[in-house]
Amino acid sequence: MLANPFTRTIRHSVSRTLAGLRAAPYLRRWLALGAIIGVVAGLGAALFLWMLQTASHLLMALVGGYTEATPAGEGGIHAASPFATPWAIPLIAAAGMLAAAIIVRYFAPEAEGHGTDAALEAVHFHPMRLRGRAAIVKMIAAALTIGAGGSGGREGPTAQISATFGSVLARVLNLSPADARIAVSAGIASGIGSIFRAPLGGAILGAELPYRDDVETEALVPSLIASIVAFTVFGVFYGFAPIFGDLGGYHFAHIADLLFFAALGIVCGLVGRTYITVFRRLSAAVKGLRLPWFAKPVLAGFVVGGIGLVIPGVLGTGYGDLQQVMLTKTLLGLPLWVVLLLPFAKILATTLTISSGGVGGIFGPGMVIGGVTGAAVWRLSELVTDMTPSSPTPFVIVGMMACFGAIAHSPLAVMLMVAEMTGNLSLLAPAMVAIALATLVVGDSTIYVAQLKNRAAQPAHRMSLGLPMAAAVGVRSAMSTPRVVLASTMPATEAAARLMEAKVPGAPVVDDANRYQGVVSLAALQALSDHGPSTTVGKLADAAAMTLSDIATLDQAIDAVVTSKTGWVPVLDPAMTVLGIVGVKDLVSGYQLGLADATRRLARAGSGTAFVERLVIAGSPADGAAVRTLGLPRQVIILTVLHGDELMFVDADTTLHADDRLAIVADRERGPILDTVFGEQPAGEQPTNGQPEI
């Protein structure tokens, strides 16, 4: 990913301004970063919804003579209008999808599809590589696709907008790989939480969605902050009312009703598995068709528009039609075959839209599919037994939760989101029964191919878990001096010759002020050096390559090297100057250094030693002093220091401060020496009954 001079200037300016956040404590860091991500996510969601509504009005209403149904929170409950010019609907759908496919193909091919998988891949494998251009293209293409009647959700584009900003922010601030992943996760959460007006559910989704059987706990607080801020910003433009209005009047009152919801959960699980199977297999079949690329969106648009003429609920997002089937009179007035076919028609229309080159999310359609499945179950049970609850609304709400909560493996997040979207928390008990059964039916299948099983399936997590001592070693201790550093003004041919002479696969690139510009590989130089003498290294530098801060530790370096495409990572100081590089060899030697140091230190512990905890008292000799200056006996080994809410491993240069809490290995007879160095401990801090304090 190349950056132009203007972008680089902005990057350096923002990096200097916010440099303090890199080393700030967790909560302070994410209060600031989460708020920044949330503001951009809220503005992006508001802009996208305006674009979508404008496109729908221009294409469907003015040209096609058809007005889609609307939900309560978006202009009030209104049924769809009749088709004034039915022949125009397939033409409009085909034209909109073709226009979207053209824009994506020529401006940002990675924006194709639903977008959530791309954001999840970034979380797991390349959190700093999402392009801002892709987010803009995604917005325009999705507005054209869905506004022309294509079946898709809003969440994919909004999630990619905010996830992309999280990625950009991570590389501008040179965040650690772990923090970069959290920034992208918080972006996903805030984008989806704002567009659905469900900030709490969106926040949980940011931690739950990356894995099928795990949760990214460190992303919870940042996602919550970003999602709440995004919801607030979005609400300034579109209000704070739930999408489907306040449906809190529907309650779970009879234990016997659980049988209906249990049956609904099983049916939703089966429909969810059908959604996964059809989406995967039909998408592969469409992509494998030997047709010109532009023919696929045209044909798919005609088919989707044709289905929409028979079953209008498949057109667009479908939220307004979902609101309609919550109404008893409306649902009973629909032909039974339409009600029963609607979930499967929506599955088919969504798959054709997304797989053929259209752009839109699959999250929203998944909830619509679950909701209309709930309506179908209510309609059938109403024909069979008089014990059926009087309203289909609870079935629709629980169906939304059960179907997509199961196939996205995010039951808690989806359950909370739907509760926020409907203003109803009283149906959580039957929803839990339905989701549990739907999850059993779905099994390990997932609608998102980029969703990993758990954190152990992520390469960076696996490597970090395999080297548990790595957090004790600073990256400065492990890095090596780069053998080659290239000036951005150097011709590509000369740079390639230097790398070949030094026998290195790539090098950092710096500008005239010695500020980092990116990295460049020998392969890239050799491939592009024939563009002429005007081609300089600066034009080929990858500004989105993974980097490390000089305050990083070896565990963060492991994460960065595993994530990088080059096998090595530059180490930068706060002024964005290259201090060194870290490769696999440096990781191994650094780890050996840390292990040897820990072994050497612990070997000094003799018999009669114990674990004790000490507080650094203000005014004591240790307050403001480096560990090496304290004159402690060799048998006193300081393991860690808790400074505020930050736990750090200690070396000889670590400076202690008042109220730091130290974990120490020491002989029991060293108590007076510890009192002299760290100060008399307050009452309640001393070990009692001769037992060492733990």
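The values are calculated or read from the model by the stated rules, or taken from the named source; none is laboratory data. Not measured: the values here are computed from a predicted model. Counting neighbours? That spans all protein chains shown, and the Cβs are built from the backbone with ideal geometry, glycine included. For accessibility, only protein heavy atoms count, side chains too; no ligands or nucleic acids. Shrake-Rupley method; radii C 1.70, N 1.55, O 1.52, S 1.80 Å.
When the Cα centres of segment 369-387 and segment 50-118 are compared, how far apart do they sit, in Å?
30
Just the number, please: carbon plus sulfur as a percent of the accessible area of segment 92-156, 1.4 Å probe, no ligands or DNA/RNA counted.
Here it works out to 66 percent.
Quick one: which of K138/K453; K287/K503; K138/K503 span more than 30 angstrom between C-alpha atoms?
K287/K503; K138/K503
Report the net charge of residues surrounding F231, where surrounding means a beta-carbon distance below 10 angstrom and charges are Lys +1, Arg +1, Asp -1, Glu -1.
So the surrounding residues net to 0.
Can you classify segment 333-463 as rounded, prolate or oblate using the Cα gyration tensor, where a ≥ b ≥ c are the square roots of its eigenvalues, rounded means a/c under 1.5, and otherwise it's prolate if a/b beats b/c and oblate if not?
Cα axes put segment 333-463 in the oblate bin.
Chymotrypsin sites (Phe, Trp or Tyr not before Pro) within segment 253-282: which are DSSP loop residues with at most 12 other Cβ atoms inside 10 Å?
none
Round to a whole number: what % of the accessible area of segment 264-305 belongs to carbon and sulfur, probe 1.4 Å?
Roughly 71 percent of what the probe reaches on segment 264-305 is carbon or sulfur.
If you bin the C-alpha pair distances of the chain every 10 Å from 0, what whole percents do you get?
In whole percents, the pair-distance histogram is 3, 14, 21, 21, 17, 12, 8, 3, 1, 0.
In Å², and per residue, what accessible area does the chain have when probed at 1.4 Å with the other protein chains present?
39
Counting only the backbone N, which residues of segment 391-418 are under 19 Å from the spot 7 Å out from the Cα of A79 toward its beta-carbon?
391-393
So between S445 and A610, what do we pick up on full extension, going 0.36 nm a residue minus the alpha carbon distance?
So the chain would gain 54.4 nm between S445 and A610.
Using a 1.4 angstrom probe on the protein heavy atoms only, could you order Y26, Y319 from most to least accessible area?
The ranking, largest first, comes out as Y26, Y319.
So which trypsin sites (Lys or Arg not before Pro) in segment 263-302 pass both tests, a DSSP loop state and at most 12 other Cβ atoms within 10 Å of the Cβ?
Qualifying residues, ordered by number: R290.
Sort L412, L425, L144 by heavy-atom solvent-accessible area, probe 1.4 angstrom, most to least.
Greatest to least solvent exposure: L425, L412, L144.
Rounded, prolate or oblate: which fits segment 27-135 when a ≥ b ≥ c are the square roots of the eigenvalues of the alpha-carbon gyration tensor, with rounded for a/c under 1.5 and prolate only if a/b beats b/c?
Cα axes put segment 27-135 in the oblate bin.
At L639 and H57, where each label point lies 7 Å from the Cα along Cα→Cβ, what is the point-to-point distance in nanometres?
6.5
Would you tally the net charge around T353, using a Cβ to Cβ cut-off of less than 13 Å, leaving T353 out, and scoring K and R as +1, D and E as -1?
Net charge in that neighbourhood comes out at +1.
What net charge is computed for the residues neighbouring L412, neighbours being all others with C-beta under 14 Å from the C-beta of L412, Lys and Arg scored +1, Asp and Glu -1?
The answer is -4.
Residue by residue through segment 227-243, what is 3J(HN,Hα) from phi via Karplus (6.51 cos²θ - 1.76 cosθ + 1.60, θ = phi - 60°)? Round to whole Hz and write x for glycine and proline.
Here the 3J(HN,Hα) series is 5, 5, 5, 4, 4, 5, 5, 4, x, 4, 8, 10, x, 10, 5, x, 4 Hz.
Can you give the angle from 0 to 90° between the axis of helix 132-147 and the longest principal axis of the chain, with both taken from C-alpha atoms, to the nearest 10?
Its long axis makes an angle of about 10 degrees.
Of the peptides 509-520, 380-391, how do they stack up when ordered by the mean number of other Cβ atoms within 10 Å, highest first?
509-520, 380-391
At a 1.4 Å probe radius, which order do I136, I447 fall into by accessible area, largest first?
Output order, biggest surface exposure first: I136, I447.
Along the Cα→Cβ direction, 7 angstrom out, place labels at A35 and L258. What is the inter-label distance in nm?
Going from the A35 label point to the L258 one covers 4.5 nm.
Can you list the residues of segment 472-510 with backbone N under 19 Å from a point 7 Å past the Cα of A652, pointing along Cα to Cβ?
472-479
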